[in-house]
Amino acid sequence: MKLSEIIKTYHCHVYHEELFVDKDIDFAFCSDLMSDALVIMNSVKDDRILDHSILITGLATQQSIRTAEMLDVNVVLLVRGKVPSQKVIELALDSNIILISTEYTMFNISGMMYQNGIRGIKYDLQW
């Protein structure tokens, strides 16, 4: 699914248009515990998976941006209408992380994305 389709379909807000790249999103991972995101996503064997992934979280802090940065995931989706601070938005911009948000809950957005063909990331996932 194209990132532009995700933004349109799930009524997402884009925090900095200048970073927007209409890339294919084939995989997703949800977590509010960034340590869990690091453990699971670091087990991925093929970097192409991370390049086509989105991190879904309710954590609207610098920690979620730093985690995405360490994982080379450049799209972070905030759920439940979370609004990041200007400091978080600036960090995302500086880190080349596309930061978007939606009103949907994590559970609902995950299910809808799965129905649209986006696969979940799990241990030792292969392309």
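Odds and ends about this structure:
- Single residue of segment 41-62 satisfying the filter (more than 18 Å from residue 22 (Cβ to Cβ) and small (Gly, Ala, Ser)) that is surrounded by the fewest Cβ atoms within 10 Å (Cβ to Cβ): 43
- The condition of being out of contact with any Gly (no Cβ under 8 Å at 6 or more places or on another chain), surrounded by fewer than 20 Cβ atoms within 10 Å (Cβ to Cβ) and over 20 Å from residue 110 (Cβ atoms) holds for only one of 93, 38, 33, that being 93.
- Residue list for segment 1-31, filter: of a type in the set (D, E, K, R) and in contact with an Asp or Glu (Cβ under 6 Å, 6 or more places away or on another chain): 2
Computed from the coordinates by the stated procedures, all read-outs in this text should not be read as laboratory data. Only a predicted model underlies this, so the values are computations on that prediction, with no experimental measurement involved. Reconstructed Cβ throughout: ideal geometry from the backbone, glycine too, with neighbour counts over all protein chains shown.
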